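For reference, the structure is listed below as structure tokens.
The values are calculated or read from the model by the stated rules, or taken from the named source; none is laboratory data. Just so we're clear, the structure is a prediction, and the values are computed from it rather than from any experiment. Ideal geometry is used to build each Cβ from the backbone, glycine not excepted, and the neighbour counts take in all protein chains shown.
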Amino acid sequence: MLAKSKRDLSAAVRIAHEHALQTTIIGFAANSLVSDAGVDGLVILNRADRIHFMPDYLVEADSGTNLATLARRAAKQGFGGLEFLIGIPGTVGAAVFGNTGTRQQWISEVVERVELLGENGKSRWIEARRLTFSYRASELQGGNDVVLSAVLRGHAREHAEIEARMQDYLGLRKNQPGGSSGGSVFKNPPGDFAGRLIEACGLKGEQKGGAEISPMHANFIVNKKEATASDIRYLIELARAKVKERFSILLEEEIKYLGKWS
Ligand code: EPU
């Protein structure tokens, strides 16, 4: 179902709990791989996207808000600090859940507090520091709380400087392939880069069915032509195995698997 507001989202989650339905909430599913076997239960497409600017360079954004839209709206207000969100395909809820970011900055650095819907159907605000964020991770990943909205902090900045910074951030993604992909497949291991390691194993351009390890950036797998999720999974396992064999480093997925996987 489609949730167009926080109210829709809360109502859908509550109904799903009442009927003991498994629930999957997706924003853009930009960093996800959906199983060929589909997803059981209720899938909620989160389009709750109200943005509310407050005094003192605070902004509250619903969890379905597009990060790039938020960055652009902030820019118009002379609200600096959110420029890094411009190139990230995703929503505020998913970003908080997975501590999305660039190599330079993570969303945890600008989140003040988060509104959560608990399993008891009640919403509550919690201070962001209580979510124990780390690289591409938050405490939310171990639980069933749903992000309804988040308050982010920025600061005053000249419009021209905000624009220039946004262009710089977009520039950092110039080595990333266009077309369909799930973004970075693996997290970077400490002190190294998944893309570098996979490339060093000679896997750029490796194909399975309609999927290909991108010749542009080896930590991206592109759906060239009707790839199945199993094609993509095959390449993920291949890359993990080769990097383990050659470098004794076990790569961990950044992408999330949705639906039924054996
Ligand atoms: N590299 C290679 N071969 C490749 C790809 C990269 O040798 O095929 C090398 C590059 O030359 C560079 C290093 O690896 O020295 C890092 O590459 P890059 O600058 O592309 O950054 P990244 O670590 O691969 C991270 C984020 C991206 C984010 C960029 C820019 C992770 C897993 N990925 O990529 O985030 O856009 O920095 O800030 O942290 C995402 O999370 O989905 C994502 C796209």
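Quickly run through segment 99-136 and pick out the residues that are modelled with pLDDT of 95 or more, out of contact with any helix residue (DSSP H, G or I) (no Cβ under 7 Å at 6 or more places or on another chain) and within 16 Å of the ligand (Cβ to nearest atom).
106, 109, 110, 134
Take residue 21 and decide whether it is without any contact (Cβ under 8 Å) to a residue 24 or more places away in the chain, over 21 Å from residue 159 (Cα atoms) and in contact with an Asp or Glu (Cβ under 9 Å, 6 or more places away or on another chain).
In short, yes.
Being farther than 18 Å from residue 68 by Cα and within 13 Å of the ligand (Cβ to nearest atom) is true for just one of 194, 227, 211, 156. Which residue is that?
Within the list 194, 227, 211, 156, the selection yields 194.
Using the structure shown, decide if residue 84 is in the same structural domain as residue 146 (by TED's automatic domain parsing), within 16 Å of the ligand (Cβ to nearest atom) and crowded, with 24+ Cβ neighbours inside 10 Å.
So residue 84 fits the description; yes.
In segment 65-80, what residues are closer than 17 Å to residue 156 by Cα and within 16 Å of the ligand (Cβ to nearest atom)?
71
Within segment 242-255, does at least one residue satisfy the condition of being buried (at least 16 other Cβ atoms within 10 Å of the Cβ), more than 25 Å from residue 141 (Cα to Cα) and hydrophobic (A, V, I, L, M, F, W, C)?
Yes; the residues of segment 242-255 include at least one that is buried (at least 16 other Cβ atoms within 10 Å of the Cβ), more than 25 Å from residue 141 (Cα to Cα) and hydrophobic (A, V, I, L, M, F, W, C).
All but one of (1) at pLDDT 95 or above; (2) in contact with a Lys or Arg (Cβ under 8 Å, 6 or more places away or on another chain) hold for residue 172; state the number of the condition that does not hold.
Here residue 172 meets the rest and fails (1).
Taking the stated definitions as given, is residue 170 within 16 Å of the ligand (Cβ to nearest atom) and not in a loop (DSSP other than H, G, I, E, B)?
Details: within 16 Å of the ligand (Cβ to nearest atom): yes; not in a loop (DSSP other than H, G, I, E, B): yes.
Yes.
For the condition within 28 Å of residue 223 (Cα to Cα) and outside the structural domain of residue 156 (by TED's automatic domain parsing), what is the one hit in 96, 39?
Just one listed residue meets the conditions, 39.
Let's see how each residue does on (1) under 23 Å from residue 187 (Cα atoms); (2) of a type in the set (D, E, K, R):
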site: 46; (1), (2): no, no
site: 58; (1), (2): no, no
site: 96; (1), (2): yes, no
site: 122; (1), (2): no, yes
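Which residue pairs have Cβ atoms closer than 9 Å, lie 6 or more positions apart in sequence or on different chains, and pair a first residue in segment 239-251 that is closer than 19 Å to residue 206 by Cα with a second residue that is at pLDDT 95 or above and among the aromatic types (Phe, Trp, Tyr)?
Pairs that qualify, where the first residue is closer than 19 Å to residue 206 by Cα and the partner is at pLDDT 95 or above and among the aromatic types (Phe, Trp, Tyr), are 239/186; 240/186; 243/186; 251/186.
Confirm whether residue 217 is farther than 18 Å from residue 102 by Cβ and in contact with a Gly (Cβ under 7 Å, 6 or more places away or on another chain).
no
Of the numbered conditions (1) closer than 22 Å to residue 176 by Cα; (2) hydroxyl-bearing (Ser, Thr, Tyr); (3) touching a residue at least 24 places away in the same chain (Cβ under 8 Å), residue 69 satisfies every one except a single condition; which is it?
Residue 69 satisfies every listed condition except (3).
Can you report the number of residues in segment 102-122 which are crowded, with 19+ Cβ neighbours inside 10 Å and on the phi > 0 side of the Ramachandran plot?
Residues meeting the conditions: 0.
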